[in-house]
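A short write-up of the structure that comes next.
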Amino acid sequence: MGNIHGLKLGCNDSVAVLTEDGAKGDTLCLLDGSQIELKENIPAGHKVALTQIELGETVFKYGCSIGRAIQRIYKGGWTHTHNLTSALGVEWTPQWKYCSPSLKTKIPQRSFMGYRRGKYGVGIRNELWVIPTVSCINDLLRTLIPRYSPAPWIENVRVLAHPYGCSQLGDDFEYTLRALSSLAFNPNAAGVLFVGMGCENLQISYLKERMSHHPNVAYTVLQDEADDERALFSRLDFLAENSVRTRTECPLSDLVVGVKCGGSDAFSSLTANPLVGLFTDYLSFWRGTTLATEIPEMFGAEEAITSRIEEESVFNSFVEMIHWFKNYFTSYNQPVYENPSPGNKVGGITTLEEKSLGAVEKTGSGPVTDVLWYGERATRPGVAIVFSPGNDPVSVTSLAISGAVLTLFTTGRGTPYSSVIPSIKIATNTDLYERKRRWIDFNAGNLLKGEGWDDALSRLVTMVIDVANGRSTCNERLKVGEIGLFKNGVIL
């Protein structure tokens, strides 16, 4: 039997989180000097009861309710899915109490070298994007486009394949059209080539209507071409010739960063998510923009967002978005709180309240200035909430659709996924970082071993600037990057 360590996150919490594996009989030592004998084996990242919790009693973590006990939990006992359940209901009564957050930072502003796209923002990559209008030509484009040799100032040529574009009706068709047309304006794209087959529902003409102000776009319909390869390559040459060729110095106010978590564990809320929250505050302080999404993973933590909204119209839009997603689940006869995922639970997350309270830490503590529906672009500094479910491909793509040029992606269990924009993968624990060096860019696990928050934030800021200046992320070196589109409707 020995001493192990854990963290109590709120002064009135009834559970603590183990930072290392514990065995029955071990003594848990907390920072306040208190000690608890473990009544059973408990894995690292999981919760232990600090006091006896009776049946039906509320369990507290982060100083907030994370659910209720479904049986008596003894002091020193493992607190997880077998004895704790969500206390959330379908209804949420919004209360708007703006707290006027103030921001501070010890880290000075850093500039970066980006590609200016006029009123469409500043990119950190100079790529050509080939966007098919229909899935029938995905593999053809994947075969032909790698044969193209781009100009030296073009850093990459991507095919943004997707499974839609034909036989879609109503909202389903509109979501695909909205996503593809908005993606074309992402500042990382130096030029965009839309490729149609010819007979699909999503005709090139629909896209042309929405591209009238795009600075560098081209089109082709393959059923009308005698030589597919020549048609594609000639248009890519045109886009390259008309693209921006050099980077220029840009302030942080020109940077739009998305924040995301996936494959989370209980350390996510102890290390990586709050660290990203500090970066969000840093970026907001210097008038940059952070985009946050995963709306169903805000259920149970809504007040952490609404308390930072100053404008009534933004508050009303956020409430509408929360209700939209709850209605979305119930309209398909699905439970609103079918979360956390199996992987989250293995990592120590028990209820949606617990997951949500940890997830929203990525948004920091500064003002929430906007709410963006699917396809809408960020135009204001501060934190913007973006329409999307929590699914990784759909939500990261939604961030790119709304203008993010980079994603800070926290993970406790590991994921190689990335969308079409660079993704800095941030490990919540050192073990993951050391095991998955091909996947993971940054280790936040050092925070569990005594690294100071200011030092960790300084490291993260430096990495973000380096990536913005052109340093490749792990997903870029692996050539991992794809899009996922939101679907809601009928396919014929």
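Numbers below:
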| quantity | calculated |
| --- | --- |
| Residue that is farthest from Pro132 (Cα to Cα), among those in region 166-222 that are assigned to a helix (DSSP H, G or I) and hydrophobic (A, V, I, L, M, F, W, C) | Phe173 |
| Candidate set from region 59-89 (those that are charged (D, E, K, R) and outside any strand (DSSP E or B)); member that is nearest to Glu297 (Cα to Cα) | Arg72 |
| Number of positions in region 423-440 that are of a type outside the set (A, V, I, L, M, F, W, C), within 27 Å of Gly288 (Cβ to Cβ) and surrounded by fewer than 24 Cβ atoms within 10 Å (Cβ to Cβ) | 1 |
| Meets criteria (in the same structural domain as Trp153 (by TED's automatic domain parsing) and either surrounded by fewer than 16 Cβ atoms within 10 Å (Cβ to Cβ) or within 17 Å of Thr363 (Cα to Cα) (or both)) for Ser264 | no |
| Residue within region 30-47 that is in a strand (DSSP E or B) and closer than 27 Å to Pro296 by Cβ present | yes |
| Residue list for region 155-173, filter: charged (D, E, K, R), at pLDDT 95 or above and either within 20 Å of His213 (Cβ to Cβ) or in contact with a Lys or Arg (Cβ under 7 Å, 6 or more places away or on another chain) (or both) | Glu155 |
| All positions within region 312-337 that are of a type outside the set (Phe, Trp, Tyr), in a loop (DSSP other than H, G, I, E, B) and in contact with a Phe, Trp or Tyr (Cβ under 8 Å, 6 or more places away or on another chain) | Pro335, Val336 |
| Pair list, Cβ < 9 Å and 6+ apart or interchain, from region 322-333 residues that are farther than 21 Å from Val386 by Cβ to residues that are at pLDDT below 90 | Thr330/Val90; Thr330/Val336 |
| Among the candidates Phe279, Phe238, residue that is at pLDDT 95 or above, assigned to a helix (DSSP H, G or I), aromatic (Phe, Trp, Tyr) and buried (at least 23 other Cβ atoms within 10 Å of the Cβ) | Phe279 |
| Residue satisfying condition, being under 23 Å from Thr410 (Cβ atoms), part of a helix (DSSP H, G or I) and touching a residue at least 40 places away in the same chain (Cβ under 8 Å), within set Leu291, Leu357 | Leu357 |
| Selected residue [within 25 Å of Gly123 (Cα to Cα), of a type outside the set (Phe, Trp, Tyr) and more than 12 Å from the chain's Cα centre (by Cα)] from Asp454, Asp392, Asp441, Asp431 | Asp441 |
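Yes or no, residue by residue, for (1) assigned by TED's automatic domain parsing to the domain that holds Ser264; (2) surrounded by 13 or more Cβ atoms within 10 Å (Cβ to Cβ); (3) modelled with pLDDT under 90; (4) closer than 30 Å to Lys326 by Cβ:
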{"site": "Lys8", "(1), (2), (3), (4)": "no, yes, yes, no"}
{"site": "Thr19", "(1), (2), (3), (4)": "no, yes, yes, no"}
{"site": "Asp26", "(1), (2), (3), (4)": "no, yes, no, no"}
{"site": "Leu38", "(1), (2), (3), (4)": "no, yes, no, no"}
{"site": "Leu55", "(1), (2), (3), (4)": "no, no, no, yes"}
{"site": "Lys75", "(1), (2), (3), (4)": "no, yes, no, no"}
{"site": "Lys97", "(1), (2), (3), (4)": "no, no, yes, yes"}
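The values are calculated or read from the model by the stated rules, or taken from the named source; none is laboratory data. Since this is a predicted model, take the numbers as computed values, not measurements. Reconstructed Cβ throughout: ideal geometry from the backbone, glycine too, with neighbour counts over all protein chains shown.
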